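Student: Below is the structure I would like to discuss, written out as structure tokens.
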Amino acid sequence: MKKLTAQQKTLVIIGIILMIAVTIFGIIWNNQLATVIILGVVQFVLIQAVCYVGIYSQMKVGTSRGTKLFSWGILTTILFAAIIAIFAPDNFRSYSGAIIALLGYGSALIMREVENTNPANKKQKREE
């Protein structure tokens, strides 16, 4: 958060507040499947936006590499959410907002570490 501009910090904080609200609404309305699905999609979009502003935009990578990392982050979030939804459907339905937010953030951190440990980056740092 230190490297973010004031506008980016504001967007991240507002996004986190909205994600908490979506999670609470998901817990309150967990009896209505359509509402839970809509809130899950909203939560997915929110966490990807927050992670893009807070994590992906701060990476010192090119556009194509950044797009690839962001796409893999989205894919891993969807994959992990699907696995949890298959093996624990009752808990996923009740806590889908929180689960999606945690998975999205975890996937963004994984992608950041993948980039940090990329051998090509280590070669570039040695040359400089």
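Student: Restricting attention to segment 22-43, and to residues there that are outside any loop (DSSP other than H, G, I, E, B) and surrounded by fewer than 14 Cβ atoms within 10 Å (Cβ to Cβ), which single residue is modelled with the lowest pLDDT?
Tutor: Looking at the filtered set, the residue picked out is Leu33.
Student: Being over 19 Å from Gln8 (Cα atoms), among the hydrophobic types (A, V, I, L, M, F, W, C) and in a helix (DSSP H, G or I) is true for just one of Ile84, Ile47. Which residue is that?
Tutor: Ile84
The values are calculated or read from the model by the stated rules, or taken from the named source; none is laboratory data. Since we're looking at a predicted model, the values are computed, not measured. Heads up, the Cβs are rebuilt from the backbone with ideal geometry, glycines too, and the neighbour counts pull from every protein chain shown.
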